[in-house]
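Right, one structure below, let's go through it.
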Amino acid sequence: MELKLHNVNKSYDNKEILIDINLELKDEASIAIIGPSGAGKSTLLRLLSLIEKPDSGEIHVNKYDLNKIDPDEYYKKIGFVFQSHTLFPHLTVLRNITLILEQVHKKTKEEANKTALDLLNRFDLGEHIHKRASQLSGGQSQRVSIVRGIAINPEVLFFDEPTSALDPVLTQEVLSTILKLREEHMKFVIVTHEILFAKKAADFVIFMDCGKIVEMGNVDILENPQTEELQKFLSNVFLW
Amino acid sequence: MISDRQKRILSFLTALLIFGLFLALIYFAFPGRKDLEFSKFLPWKNLVIKGWILTIVVSIIVLISSVILGFLLYLLSKSKILVFKYLADIFTEVIFGSPLVVFIILVFYFIGAPLNIDNRIVLGVIALSLYMAPYMKNVFEGAMESIDEMQYQAMTVFGFTNYQKYRYIIIPQLLKILIPPFAGNLTFIVKGSSLLNFIGVPELYNAIITVGSTTYGVVEGYIFLFVMYLMITIPLIRLTKYFEKKVALWN
């Protein structure tokens with residue numbers, strides 16, 4: 001995937017969340033955004049997925065200029081997995097996926113069902129297709145969210161801390177699913193607290209602090225951090 | 001061995017039996033029981049049934065109109081224009097603080113006379129609908145809050161149009177959340193409609209009291225009332241519970 005950000009700024013209520021973000025990446029398959037809480041990671045992800053617009057600056061994802069593209073067109077090209085609880089509670093697992101395929105992507109009922117069933121089976125969710133979100137574990141429901149994200153065959157999949165609401169066991173379950181996607185060459189950007197996971201799953205790592213990109217590079221920077229901030233962040237993380 | 005289901009049925013029947021015995025006890029302790037003569041009502045049964053039907057019809061109309069008024073009140077209370085919000089707030093508090101019977105009579109005099117409405121049924125419907133509107137407003141408030149903010153974001157990023165959001169996600173969820181409290185409020189309306197007797201609406205209470213006093217069967221009348229209201233409200237309460245269970249399944 002290609003990412004290009006030029007002087008991107010974003011603030012809420014006069015509080016600067018992202019300050020002059022510049023970035024140019026080509027051909028990265030998987031990108032992890034790490035950093036302490038309040039660093040602006042999730043905000044950056046929301047700008048990349050056009051859930052929100054920057055106050056100023058330019059963002060390109062692949063060939064799309066996010067200032068110019070019609071958001072509804074862009075949303076058809078990307079997938080998004082939220083922190084938690086965004087399966088629609090009144091629909092079954094299967095319908096959560098087929099509804100989007102039928103309504104937004106104009107697939108026939110048969111096509112939508114086939115795509116959804118194939119994916120759910122492939123991710124070992126076949127036995128849950130007729131359940132509702134309330135009948136799933138947190139891990140299962142995040143895995144369904146992931147399947148929902150990839151069902152539309154997106155160019156890029158965005159993950160916003162997909163395991164932050166889960167206990168360690170369920171976290172593993174979800175992280176293995178994401179690793180599986182990597183094996184299948186899905187391109188993704190993930191905001192995560194799981195540094196060990198980032199090491200395994202990401203090609204490229206962006207470390208943010210206080211609204212700025214402090215350090216970024218090949219995943220090796222997690223072994224050999226150059227900046228003091230990243231060193232400190234990593235040592236704090238591994239203390240635990 | 002008896003199954004769980006059988007055990008529940010048995011316990012339920014036992015509870016019914018205890019109530020039955022209790023009622024029988026009350027009946028036999030009642031000094032005037034020898035004078036009770038329910039068949040007095042037979043010649044008047046058409047009037048009573050008409051009243052019973054009117055109670056049901058009025059309640060359903062009030063349910064619909066108070067849902068509409070309640071929704072408007074909800075919109076007012078969420079308005080960014082503060083005056084609208086306060087109008088809704090004040091109305092809500094005044095209603096919550098007023099006894100229904102007082103409100104009905106005030107509507108009869110102060111809305112009926114100036115607007116020249118002399119149809120008592122219409123006035124009764126107006127009074128009950130206005131009274132129920134704030135309760136319905138609260139129902140809408142609760143329902144809207146129950147849809148998680150994240151769901152709206154998800155709908156957006158999945159590319160749903162506004163129409164699709166409402167048609168497939170928001171309204172189906174709202175309906176399921178709204179139906180149990182609506183059914184609950186309908187029970188409230190049915191019971192409250194008995195107070196329309198005070199402005200002369202010939203609903204069930206009014207009909208039976210009228211027959212009771214002409215036939216000297218006031219006590220029998222109240223027993224009939226007790227049973228006939230329960231015939232409406234118990235199924236409604238069961239229905240409400242059924243819907244609540246269904247909603248709880250996916251919450």
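Readers should treat all values here as calculations from the given coordinates under stated rules, not as data from a laboratory. All figures in this text were calculated on a predicted structure; none of them were measured in a lab. Here the Cβ positions follow ideal geometry from the backbone for every residue, glycine too, while neighbour counts run over all protein chains shown.
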- Which one of A:137, A:37, A:217 is farthest out on the positive end of the charge dipole of the protein assembly as shown, using unit charges on Cβ (Lys, Arg +1; Asp, Glu -1) and the Cα centre as origin? A:137
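Greater than 21 Å separation of Cα atoms is the criterion. Which listed pairs, A:76/A:187; A:26/A:180; A:41/A:131; A:26/A:199; A:41/A:200, meet it?
A:26/A:180; A:41/A:131
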- Message: Within 13 Å, Cβ to Cβ, of residue A:189, how many net charges do the neighbouring residues add up to if Lys/Arg are +1 and Asp/Glu are -1?
- Response: -2
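Counting partner chain Cβ atoms within 10 Å of every residue's Cβ in A:152-159, what's the average? Don't jump to the answer; show the numbers that get you there.
Details: counts 2, 0, 0, 0, 0, 0, 1, 0.
The shielding value for this peptide is 0.
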- Please compute P(r) over all alpha-carbon pairs of segment B:124-173, binned at 10 Å starting from zero, and give each bin as a whole-number percent. 22, 36, 22, 16, 4
- Note on the structure: Straight-line reach check, residue B:191, cutoff 26 Å on alpha carbons, 8 or more apart in-chain or any other chain, hits among lysines -> B:40, B:45, B:50, B:137, B:176, B:241, B:245, B:246
- Query: What's the local net charge at residue A:47, with K and R +1, D and E -1, over the other residues with C-beta under 9 Å away?
  - Reply: +2
- Given Cβ charges of +1 for Lys and Arg and -1 for Asp and Glu, the option among B:2, B:226, B:195 whose Cα lies farthest towards the positive end of the dipole of chain B is B:2
- Once the Cα atoms of helix B:204-214 and of chain B are each reduced to a long axis, what angle between those two axes, in degrees from 0 to 90 to the nearest 10, is obtained? 20 degrees
- Message: Around residue A:86, under 12 Å between beta carbons, what's the net of Lys plus Arg minus Asp minus Glu among the other residues?
- Response: -2
- Between residue A:27 and residue B:171, what FRET efficiency comes out of the Förster formula 1/(1 + (r/R0)^6) with R0 = 51 Å and r the beta carbon distance, rounded to 0.05? 0.70
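Contact order normalised by length for chain B, with contacts defined as Cα pairs under 8 Å and 6 or more residues apart; what percent is it?
28 percent
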- What does the convex hull of the alpha-carbon atoms of the protein assembly as shown project to on average, in nm²? 34.4 nm²
- Message: So if the hydrodynamic radius of chain A is defined as the Kirkwood radius over C-alpha pairs, what does Stokes-Einstein give as its diffusion coefficient at 25 °C and 0.890 mPa s, in µm² per second?
- Response: 133 µm²/s
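Express in nm, to one decimal, how much length is gained between residue B:219 and residue B:47 on full extension, taking 0.36 nm for each residue of separation and deducting their alpha carbon distance.
Extending this stretch completely gives an extra 60.1 nm.
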- Multiply the residue gap between residue B:96 and residue B:22 by 0.36 nm, knock off their C-alpha separation, and tell me the result in nm, one decimal place. 23.1 nm
- Query: Simple spin-label model, 7 Å along Cα-to-Cβ: residue B:237 to residue A:85 in nm?
  - Reply: 3.3 nm
- Message: What distance in nm separates the two pseudo spin-label positions at residue B:10 and residue A:15, each 7 Å out from Cα along the beta-carbon direction?
- Response: 6.2 nm
- Item | Sparsely packed trypsin sites (Lys or Arg not before Pro) within segment B:1-85, loop by DSSP, other Cβ within 10 Å at most 11 | B:80
- Message: Given Cβ point charges of +1 (Lys, Arg) and -1 (Asp, Glu) and nothing else, what value in debye, to the nearest 20, does the dipole of segment B:40-249 about its Cα centre take?
- Response: 460 debye
- Query: Counting partner chain Cβ atoms within 10 Å of every residue's Cβ in B:164-177, what's the average?
  - Reply: 2
- Note on the structure: Once the mean of 1/r over all distinct C-alpha pairs in segment B:40-249 is inverted, the Kirkwood radius in Å reads 19.1 Å
- Item | GluC sites (Glu not before Pro) lying in DSSP loop within segment A:203-237, provided at most 10 other Cβ fall within 10 Å | A:223
